[in-house]
Amino acid sequence: MNRYTERIYNGVIKENPTLVLMLGICPTLAVTTSAFNGFGMGISTLVVLVMSSLFISLLRNVISDRIRIPGYIVIVASLVTVVQMLLQAYIPVLYEALGIYIPLIVVNCIILGRAESYASKNTIILSILDGTGMGLGFTAALTIIGMVREIIGAGTIFGFPLNQISPFSFEYEPVSIFVLAPGAFFVLAGLTAVQNKLMLPSATNGKARKTKGRAKKGENEE
Amino acid sequence: MKELLLILAASALVNNVVLSQFLGLCPFLGVSRRIETAAGMGGAVIFVITLASAITSLIYNYVLIVLNLAYLQTIVFILVIAALVQLVELFLKKHSHSLYKSLGIYLPLITTNCAVLGVALINVQREYGFIKSVVNGFGTSLGFTVAIVIMAGIRERIETNEISESFQGYPIVLITAGLMAIAFFGFSGML
């Protein structure tokens, strides 16, 4: 694996922003009422993340170190405004569904986090790939959480009723609490509990850091 | 007056900012270990959000609308909030040292609290004037404080309980939050 594909792998699997690093919890819980909404939010964030990585990497030698954070915020906020206008014009359904959470992409810590820790120090191509990887990881996680909530809470998947698309027909009474606010907490609780049980790396059980330390140790020993 | 009271109750209880709108979850999960720290965070949030909704409302209604620049709201609001938190910190450090000491460490954390920007945007979305914006901001932050203090109280209690291994730490806190969200659902019949 060369260092370009490694960036994508890192974002989607190894340091998945939602499932491993536990960043951006607010949008994760708020918009995943259906698989489509989760996917839409993921893609919107992906676009902002890729563009902000591009611009911040491009301007990394121009922006003075002392005012870099306000500088990044202005860049990200401008990009979010553009994305918001595009959604309003071309995908009004998604614009209505995501509502206030679109402008709130500005305060999604994944974006500023990647800007500060990666794009401000690396070349343009690598930064774009890093943003793409992180964005894809975020999209995948949100779509999956949205799918789980939609299947349990509404009995549909991407809007299609389950008992119509499955080969055998059955009656399903949706547990509607899963598409309401409390369900979001329960699904995330279940997810982190499974991660704890299987000892998977996650920021919530401190394993994300530990495995990193172990990996470094292993490298030294080699 | 009745309308203002309705806005206050709706923003504090019915549409609780943390438990039904999912804004400000990071401090809600991060600073809710002890009741005192939770109350300190709540106080700082009330202070900043009320002030921020007053200022963003003035800027939106008397600058952005007048100049026909409403589409710049996100950029302007986030910069105003970041600058405001810095200013408040400097001001308190100089003039009210006791308040600065009690809010001190929580103030910089608030810039990253998405509830502040969220309230400013909700005020614009609902076309609230100055007074209504301030009331909505105060109500929202009051709701945040209520939720985080209750959460801290519960977490202090369950610390000594036996919890199955895979649910220790985050999962049990999230389950608690989910149950609290169900309880707050009861308020939705109120209005």
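Given +1 at the Cβ of Lys and Arg, -1 at the Cβ of Asp and Glu and no other charges, the dipole of chain B around its Cα centre is 380 debye to the nearest 20. If only the Cβ of Lys and Arg carry +1 and only the Cβ of Asp and Glu carry -1, the dipole of segment A:3-221 around its Cα centre is close to 1020 debye. Shown for A:111, A:67: other C-beta atoms within 10 Å of each C-beta, ranked fewest to most, produce the order A:67, A:111. Across peptide A:183-196, the mean count of Cβ atoms from other chains lying within 10 Å of each residue's own Cβ comes to 6.
Backbone geometry of segment A:117-123 corresponds, through the Karplus equation with coefficients 6.51, -1.76 and 1.60 at θ = phi - 60°, to 3J(HN,Hα) couplings of 8, 10, 4, 6, 10, 10, 5 Hz, x marking Gly and Pro. Between the listed residues A:166, A:4, A:95, the Cα displaced farthest toward the positive end of the dipole of chain A, a dipole computed from Cβ unit charges relative to the Cα centre, is found at A:4. When you restrict to C-alpha pairs under 8 Å that are six or more residues apart and normalise by the size of chain A, the relative contact order lands at 32 percent. The relative contact order of chain B comes to 45 percent, based on Cα pairs under 8 Å that sit 6 or more residues apart. Cβ crowding within 10 Å, taken as a proxy for footprinting-reagent exposure, orders A:117, B:11 from fewest neighbours to most as A:117, B:11. The P(r) of segment B:70-131 has a tail past 18 Å containing 45 percent of all C-alpha pairs. For the pair residue B:159 and residue B:183, a Förster radius of 30 Å applied to the C-beta separation gives a FRET efficiency near 0.90, rounded to the nearest 0.05.
The C-alpha atoms of chain A define a longest principal axis, and helix A:124-154 lies at about 20 degrees to it. Largest GNM mean-square fluctuation among A:118, A:101, A:90, using chain A with Cα springs under 10 Å: A:90. Taking the Cα centre of each part, how many Å lie between segment A:37-71 and segment B:102-157? If we compute the Cα centre of each part, the gap is 26 Å. The ranking of B:151, A:147 by Cβ neighbour count inside 10 Å, starting from the fewest, reads A:147, B:151.
Taking chain B as a Gaussian network, Cα atoms linked when under 10 Å apart, which of B:144, B:130, B:167 shows the biggest mean-square fluctuation? Looking only at B:144, B:130, B:167, the biggest GNM fluctuation is shown by B:167. In chain A, a dipole from Cβ-located charges (positive for Lys and Arg, negative for Asp and Glu) runs towards its positive end, and of A:148, A:31, A:59 it is A:59 whose Cα lies farthest in that direction.
Between the Cα long axis of helix A:181-197 and the first principal axis of chain A there is an angle of about 70°, rounded to the nearest 10. By the combined test of axial Cα extent (at least 24 Å) and Kyte-Doolittle hydropathy (mean at least 0.0), the qualifying DSSP H helices of chain B come to B:35-59, B:73-95, B:130-158. Across chain A, Cα-Cα distances exceeding 22 Å account for 56% of all pairs.
Inter-chain Cβ neighbour count for A:25-34, averaged per residue, equals 4 (cutoff 10 Å, partner chain atoms only). Across peptide B:117-130, the mean count of Cβ atoms from other chains lying within 10 Å of each residue's own Cβ comes to 2. Packing, taken as the mean count of other beta carbons within 10 Å per residue, orders the peptides B:71-79, A:36-44, A:75-83 from highest to lowest as A:36-44, A:75-83, B:71-79. Only aspartates and glutamates eight or more places from residue A:14 in sequence, or on another chain, were considered; those with a Cα closer than 14 Å are A:6, A:130. When each of the peptides A:150-159, B:154-163 is scored by the mean number of other C-beta atoms lying within 10 Å of its residues, the order from highest to lowest reads A:150-159, B:154-163.
With the simple model of a label 7 Å out from the Cα in the direction of the Cβ, residue B:4 to residue B:126 spans 1.5 nm.
A cut-off of 5 Å between modelled amide H atoms, ignoring neighbours fewer than 5 places along the same chain, links residue A:157 with A:162.
The numbers here are math on the coordinates, done by the rules we state, and not lab data. As the structure is a prediction and not an experimental result, all values here were calculated from the model. Neighbour counts are summed over all protein chains in view; Cβ atoms, including those assigned to glycine, are modelled from backbone coordinates with ideal geometry.
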